[in-house]
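Enquirer: Submitted below is the structure of interest, expressed as structure tokens.
Here, each number is a calculation from the coordinates, and none is a lab measurement. Keep in mind that this is a model prediction, so the values were computed, not measured. Here the Cβ positions follow ideal geometry from the backbone for every residue, glycine too, while neighbour counts run over all protein chains shown.
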Amino acid sequence: MNHSLQGSRYDRYYQHVYDTRVHTKERGGAVDLQVFEIRLKVYLLEDIPVEAVQKKTAALIDICLSRDEALLKFHETNQFKNYSFGNPYPLEKDKIYKKDKVYVITIRTIDPQLAKVFSEKLIHERSDEMQALTCEIKIIPKENKIIDTIYSISPVIVKAERYWRGVFSLQEYEKRLTVNLVKKYNAFCDTKINEDFEFIRMIEVKNRTPITVSYKKIKLLGDKIALKVADNELSQELSYMTLGTGLGEINARGAGFVNYRWM
């Protein structure tokens, strides 16, 4: 299969994926997850420091979602958003993205409807800081592949009364990450899987001190982490889903965006 999808060909494929998902759920069968990756080119209208770029990217996406009543309701409802995004590329050595330069932002989602919106509508949007230009869309293949490692590009947020280190153990931290992913999977696939299975074989926290993430009017603390994941069927399905949804919480604000290594 050619995983690059453009124009009317993508419309047909999108409709096929959506119809298949609906009919499968109606029959009580398992949903075949697909992770869509959109590489969006943007032109910067202002300099943006790296610590502010997630907020500015989220604002551009929010503008797009707010133009449709159903998507606006989706945006404003407290639910899993099923998409995540990374920082613009290339990175700047001085950590300031430059006005009048073009960058690429990677957005991923497991929702074919959102993939269609991002690939067809987002390219027409403009914020005070960014002008969307063009995009490419593909599906990350999973056939006959095993994910060995998932590693976070942006800090992973696990919400608690306080930052987790010194409050609960690494084992509890692993459990919360797993439970969060299971909840995302259950919600999207309309199913109920048992949380008692091996998912994380090994976890490494990359940072010695917590990383600050701006969220609304507060500061949250997160971590850059790497996970070695088990090769059982369920763990591989959750790992693949994570490429689209991100790890942890507030993924639609830029937290928990991940990359991966095949075994």
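Enquirer: Among residues belonging to region 109-167 that are touching a His at 6+ places or on another chain (Cβ under 8 Å) and more than 22 Å from ALA230 (Cα to Cα), point out the one that is surrounded by the fewest Cβ atoms within 10 Å (Cβ to Cβ).
Expert: For region 109-167, the residue satisfying everything is LYS138.
Enquirer: Can you tell me which residues in region 157-186 are assigned to a helix (DSSP H, G or I) and either more than 18 Å from ALA255 (Cβ to Cβ) or of a type in the set (S, T, N, Q) (or both)?
Expert: Passing the criteria: LEU170, GLN171, GLU172, LYS175, THR178, ASN180, VAL182, TYR185, ASN186.
Enquirer: Search region 184-203 for residues that are closer than 13 Å to MET241 by Cα and pair each with any residue that is part of a loop (DSSP other than H, G, I, E, B) and among the β-branched types (Val, Ile, Thr) when their beta-carbon atoms are under 9 Å apart and the residues are at least 6 apart or on different chains.
Expert: Here the result reads LYS184/ILE110; TYR185/THR191; TYR185/ILE193; ASN186/ILE193; PHE188/VAL31; PHE188/ILE110; CYS189/VAL31, each pair linking region 184-203 to a residue that is part of a loop (DSSP other than H, G, I, E, B) and among the β-branched types (Val, Ile, Thr).
Enquirer: Mind listing just one residue for me: the one in region 96-113 that is within 21 Å of the chain's Cα centre (by Cα) and part of a strand (DSSP E or B) and, of those, farthest from LEU45 (Cα to Cα)?
Expert: Per the criteria, the residue is THR109.
Enquirer: On to the next question. Just one of SER152, SER239, SER235, SER214 is farther than 23 Å from ASP111 by Cβ, among the hydroxyl-bearing types (Ser, Thr, Tyr) and under 19 Å from the mean Cα position of the chain (by Cα); which is it?
Expert: Exactly one residue qualifies, and that residue is SER214.
The rows are residues; the columns are (1) in contact with an Asp or Glu (Cβ under 7 Å, 6 or more places away or on another chain); (2) loosely packed, with under 11 Cβ neighbours inside 10 Å; (3) within 18 Å of ALA132 (Cα to Cα).
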position: ALA52; (1), (2), (3): no, no, yes
position: LYS55; (1), (2), (3): no, no, yes
position: ALA58; (1), (2), (3): no, no, yes
position: ASP62; (1), (2), (3): no, no, yes
position: LEU71; (1), (2), (3): no, no, no
position: ASN78; (1), (2), (3): no, yes, no
position: ASN82; (1), (2), (3): yes, no, no
position: GLU92; (1), (2), (3): no, no, no
position: ILE96; (1), (2), (3): yes, no, no
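Enquirer: Sticking with this one: Mind listing whichever residues of region 192-206 are in a loop (DSSP other than H, G, I, E, B), farther than 13 Å from GLU237 by Cα, over 21 Å from the mean Cα position of the chain (by Cα) and not acidic (Asp, Glu)?
Expert: LYS192, ASN194
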